[in-house]
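The structure appears right after this line, and notes come after that.
The values are calculated or read from the model by the stated rules, or taken from the named source; none is laboratory data. All values derive from a computational prediction rather than experimental measurement. Positions of Cβ are generated from backbone atoms using ideal geometry, with glycine treated the same way; all protein chains shown enter the neighbour counts. Protein only, heavy atoms only, side chains kept; ligands, DNA and RNA dropped before computing areas. Shrake-Rupley method; radii C 1.70, N 1.55, O 1.52, S 1.80 Å.
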Amino acid sequence: MRIANLSYLKAVGVRLLAGIPVFLLVTFSATALSSLMPGSAAQLILGENATQAQIDALNSRYGYDLPVWERYLGWLGRLLQGDLGQTMFSQQSVAKLLVDRAAVTFEIALLAMFVSLLIGVPLAMYTASRPGGIVDTVLRAVSSVMLSIPTFVIVVLLGFVFAIVLRWLPATGWVSFSDDPVGNLYYVALPVMCLSVHQAAYFYRVSRSEFVAVLQEDYVLVARAKGLPTRYILMRHVLRPAFPQVLTVMGLSMTYLLGGSFIVESYFAVPGIGWTVLNAVSSHDLPVMQAILSLTVVIFVVIFILVDLGYALIDPRVDVS
């Protein structure tokens, strides 16, 4: 047991070290690209009537007059001390802003993941045990259509139907769960629906293929020959061998959901990470952009580490080293 724990710790350490170059490259790119963007944050803050001397003074205050590498090293040094700086416009703590916005995005993403799994995996198990039937044929066709529709089209269509035509759900706005749990579910429903369309179909297609393959294994055929109920076979003999593939899809799905938040949050005016980074880009708020990119890289590295370790927990034969 101790050796296994050490191997897990070693695997986590190796993957974290491998993520450091990615982190440095992405965050440095954010600093470099900010210099190529048209306009300047100082001009936006001070307004059109600002003099060049005022603009230069504000750029000097935030270090925008320094070379890119020097600005980046300064930011990296402050990051290592736990200082993410302040937003350029409201002078709000970037760390606090990041925590608040990340909570919104993670709530939407995790709920969308849960809904997608709840829909996709049970349907996949049902149709895999009855391949070629009417339900199987219809669901495969529907899932293909759902996967072929771009996310922004889904957002527009569902927003038009549920917010404008039926008026069942709000088109914009947000209420936090701590302030009003019921109101939070009311506002989160439409963004979650939009993100779940693709992922439910994705989970269904991948899970169905894996379940069909496992159902052809000899031990499953023996279980069927013994007359065991189909539900028992699916839950005891099929679900666990097929779960590593589902786990991989969950990891990839989480990255998609976080990326899809840019579209959903901007369309429904949800104050999450996606909505915040779009505002930061338009206003040249470099501290916010760098903080969000840093968080994104860390999240992706953690997701892939959890997926790798999840393999080993499900199947001890998997080598995590």
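Points to keep in mind about this one:
- Breaking point among (1) under 28 Å from Tyr232 (Cα atoms); (2) open to solvent by less than 40 Å² (accessible area, probe 1.4 Å), for Thr105: (1)
- Filtered residue count, the range 75-91, keeping only those that are part of a helix (DSSP H, G or I) and either modelled with pLDDT under 85 or open to solvent by 60 Å² or more (accessible area, probe 1.4 Å) (or both): 4
- Pairs linking a residue in the range 248-266 that is charged (D, E, K, R) to a residue that is open to solvent by 20 Å² or more (accessible area, probe 1.4 Å), with Cβ atoms under 6 Å and 6 or more positions apart or on different chains, are Glu265/Trp275.
- Verdict on Ser34 being at pLDDT 80 or above and open to solvent by less than 60 Å² (accessible area, probe 1.4 Å): no
- Residue within the range 217-233 that is open to solvent by 70 Å² or more (accessible area, probe 1.4 Å), in contact with a helix residue (DSSP H, G or I) (Cβ under 8 Å, 6 or more places away or on another chain), hydrophobic (A, V, I, L, M, F, W, C) and not in a loop (DSSP other than H, G, I, E, B) present: no
- Scanning the range 92-109 for residues that are assigned to a helix (DSSP H, G or I) and under 12 Å from Pro287 (Cβ atoms) returns Val94, Ala95, Leu97, Leu98.
- Residue in the range 252-259 that is among the aromatic types (Phe, Trp, Tyr), over 30 Å from Leu169 (Cα atoms) and assigned to a helix (DSSP H, G or I) present: no
- Residues in the range 191-205 that are of a type in the set (A, V, I, L, M, F, W, C) and within 11 Å of Ser143 (Cα to Cα): Val197, Ala200, Ala201, Phe203.
- The listed residue being touching a helix residue (DSSP H, G or I) at 6+ places or on another chain (Cβ under 7 Å) and part of a helix (DSSP H, G or I), out of Phe152, Phe160, Phe177: Phe152
- Evaluation of Gly39 against the conditions (1) under 25 Å from the mean Cα position of the chain (by Cα); (2) at pLDDT below 85 shows that the sole unmet condition is (1).
- Members of the range 148-157 found to be surrounded by 13 or more Cβ atoms within 10 Å (Cβ to Cβ) and either under 22 Å from Tyr187 (Cα atoms) or modelled with pLDDT of 90 or more (or both), listed by number: Thr151, Phe152, Ile154, Val155, Val156, Leu157
- Residues of the range 158-207 satisfying the condition of being in contact (Cβ under 8 Å) with a residue 40 or more places away in the chain, polar (S, T, N, Q) and either more than 29 Å from Val99 (Cα to Cα) or open to solvent by 60 Å² or more (accessible area, probe 1.4 Å) (or both): Thr172, Ser207
- Of the residues making up the range 116-135, those that are in contact (Cβ under 8 Å) with a residue 24 or more places away in the chain and open to solvent by less than 50 Å² (accessible area, probe 1.4 Å) are Ser116, Leu117, Gly120, Val121, Ala124, Met125, Thr127, Ala128, Ser129.
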